[in-house]
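S.K.: One structure is given below, represented as structure tokens, and several questions about it will come after.
The values are calculated or read from the model by the stated rules, or taken from the named source; none is laboratory data. Fair warning: this is a prediction, and the values are worked out from it, not measured in the lab. FYI the Cβ positions are ideal-geometry reconstructions off the backbone, even for glycines, and counts take in every protein chain you see. Just the protein is used for accessible areas: all its heavy atoms, side chains included, with ligands, DNA and RNA removed. Shrake-Rupley method; radii C 1.70, N 1.55, O 1.52, S 1.80 Å.
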Amino acid sequence: MRESETRFRTLVEQSPFSTQIFRPDGSVITVNKAFCTLWGASPAEAQYIIDNYNILKDEQLEISGLMSFIKQGFTDCFTEIPVIEYNPQKTEVVKHTGLTTKWVVGYIWPVKDKQGRVEQVVLTHQDVTERKQIEAQQLELARTRARADLLNELLNTLAHDLKTPLSIINTSLYLLEKTADPAYQKQKIDTIREQSQRLNQMIQNILTVSYLDMGLDSSMRVLDLNIIATQIGEEFSDSAEDSSITIEFDLERTLPPVHANEIEFRRVLVNLLENALHYTPSGGRITLHTFSQSNEVGVEIRDTGIGIEASDLPHIFDHFYRADKARTTHRGGTGLGLAIVKKIIERHQGRIEVESIPGQGSSFWIWLPMFQETMTD
Ligand code: ADP
């Protein structure tokens, strides 16, 4: 018995893992050298722990939710032999040692006698900080790679999209130089103007995207969406009339206010209304509908336009995405309008949804949280 006791003690003492051995009542029998190293305890502190600590009365363990694991290690009893039953209960706790945070993983199991009574409980800890750091680095690396891939993809699309209007401008300039026909000249000049406007719009959109990406502070105030929807709808009435499209309003009378950045919110409505106009053939109708439900206030922009194919719907909020149909019906788009809308709505803790039936029309819904007094704090 004594021999095996000595062997057991030597094993514990030499173990590279921090080891504590407890009595069934939670008081400490012993701790090993690795325990002192891991937890930074001096020999005197280790002795103090042996004399005074009771793990089953540790309030911190209770608060952190670890006590249930510890208790399982104390009570779990199999009545089988061999005497040492290894039943690891894995727990992870963080120890703040000065500036560095250590990650340690613990295992706890009871040592039982032949009758299956718990004689002692062993708790070991292993420092897994290095493993955690490597995991964190790998995660960061994967994120950086994903960002680089996205950027690469954006740059490729951007280069391609910028090249199209530029090559139209170049060809038009070349033809302009070759012709003396005033009507033909005017046509080419119009094309150049149109394409340079398109370039300008693309650059504006790219700047907006990067401004929103930087998460610049935006000043928020209490807004009445009915007023903004009416103003913007009226701003578009001339171009709607030119295309023989009717703009209608269906505004909730007592619409609660929202807390939003006015410039950004106007941009949302402008982009959605521009799309509705671009993708609705003449004779069509656009409805601006405001509503509130539970804690949200919303605007719906409904059109009777060409609609969006189901296969395109999941992509329309991506940067530079344009459905094939859009490329043929509305050549001036940049594919950034909806990406901007989505970003702004997300910045406002809102959400956006779309429903569309090809050939019949589309509805874009945006919801913003209803204004509450606490939002201005
Ligand atoms: P674009 O500059 O091409 O309009 P957006 O990001 O605003 O770019 O929209 C992305 C794509 O979503 C469009 O190219 C078009 O295919 C589709 N789309 C957006 N709004 C509508 C709409 N109201 N009706 C039909 N298709 C739409």
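S.K.: Please find the FRET efficiency linking residue 130 to residue 37, where r is the Cβ-Cβ separation and R0 is fixed at 22 Å, and quote it to the nearest 0.05.
M.R.: About 0.90, to the nearest 0.05.
S.K.: Also, I was wondering about something else. Between residue 173 and residue 194, what is 0.36 nm times their sequence separation minus the Cα-Cα distance? Round to one decimal in nm.
M.R.: 6.2 nm
S.K.: Taking K and R as +1 and D and E as -1, what net charge do the other residues with C-beta under 10 Å from the C-beta of residue 226 add up to?
M.R.: -1
S.K.: Let me ask you something else. I'd like the accessible area for residue 259, computed on protein heavy atoms only with a 1.4 Å probe and all protein chains in place. Round to 10 Å², please.
M.R.: Its accessible surface works out to 30 Å², give or take rounding.
S.K.: Turning to a different aspect of this structure: Under a 5 Å amide H to amide H cut-off, with H placed in plane at 1.01 Å, what residues pair with residue 320 once short-range neighbours are removed?
M.R.: Hits under the 5 Å cutoff: 336.
S.K.: Sticking with this structure for a sec: Simple spin-label model, 7 Å along Cα-to-Cβ: residue 365 to residue 239 in nm?
M.R.: With each label placed 7 Å out from Cα toward Cβ, I get 2.7 nm.
S.K.: Here's another thing I want to ask about it. In whole percent, and with a 1.4 Å probe on the protein chains, what portion of the accessible area of the chain is carbon and sulfur?
M.R.: Answer for the chain: carbon and sulfur cover 54 percent of the accessible area.
S.K.: Pop out the ³J(HN,Hα) list for segment 286-303 in order, Karplus 6.51 cos²θ - 1.76 cosθ + 1.60 with θ = phi - 60°, rounded to Hz; leave Gly and Pro as x.
M.R.: The phi angles translate into 10, 10, 9, 10, 10, 7, 9, 8, 6, 9, 10, 10, x, 10, 10, 10, 10, 10 Hz.
S.K.: With each run of n ≥ 4 DSSP H residues scored as -39500 (n - 2.57), what mean residue ellipticity at 222 nm is computed for the chain after dividing by its residue count and rounding to the nearest 500 deg cm²/dmol?
M.R.: Rounded to the nearest 500, it is -15500 deg cm²/dmol.
S.K.: Here is a follow-up. What does the charge add up to near residue 57, with Lys and Arg as +1, Asp and Glu as -1, over the other residues with Cβ less than 15 Å from its Cβ?
M.R.: Here the charged neighbours net out to -3.
S.K.: Ok, one more. What FRET efficiency do you get for residue 146 and residue 62 if R0 is 41 Å and r is their Cβ-Cβ distance, rounded to the nearest 0.05?
M.R.: Efficiency, from the Cβ-Cβ distance: 0.50.
S.K.: If you fit an axis through the alpha-carbon atoms of helix 225-235 and take the longest principal axis of the Cα set of the chain, what angle between them do you get, 0 to 90°, nearest 10?
M.R.: Between the helix axis and the principal axis of the chain, the angle is about 30 degrees.
S.K.: To the nearest 20 Debye, how big is the dipole of segment 137-257 about its Cα centre, given +1 on the beta carbon of each Lys and Arg and -1 on that of each Asp and Glu?
M.R.: Dipole magnitude for segment 137-257 comes out near 700 debye.
S.K.: Another question, then. Could you tell me what a quarter of the Cα convex hull surface of segment 226-275 works out to, in nm² with one decimal place?
M.R.: Over all viewing directions, segment 226-275 projects a mean Cα-hull area of 3.7 nm².
S.K.: A follow-up question, please. Based on the alpha-carbon gyration tensor of the chain and its eigenvalue square roots a ≥ b ≥ c, which shape applies: rounded if a/c is under 1.5, prolate if not and a/b is larger than b/c, or oblate?
M.R.: Judged from the Cα gyration tensor, the chain comes out prolate (a/c at least 1.5, a/b above b/c).
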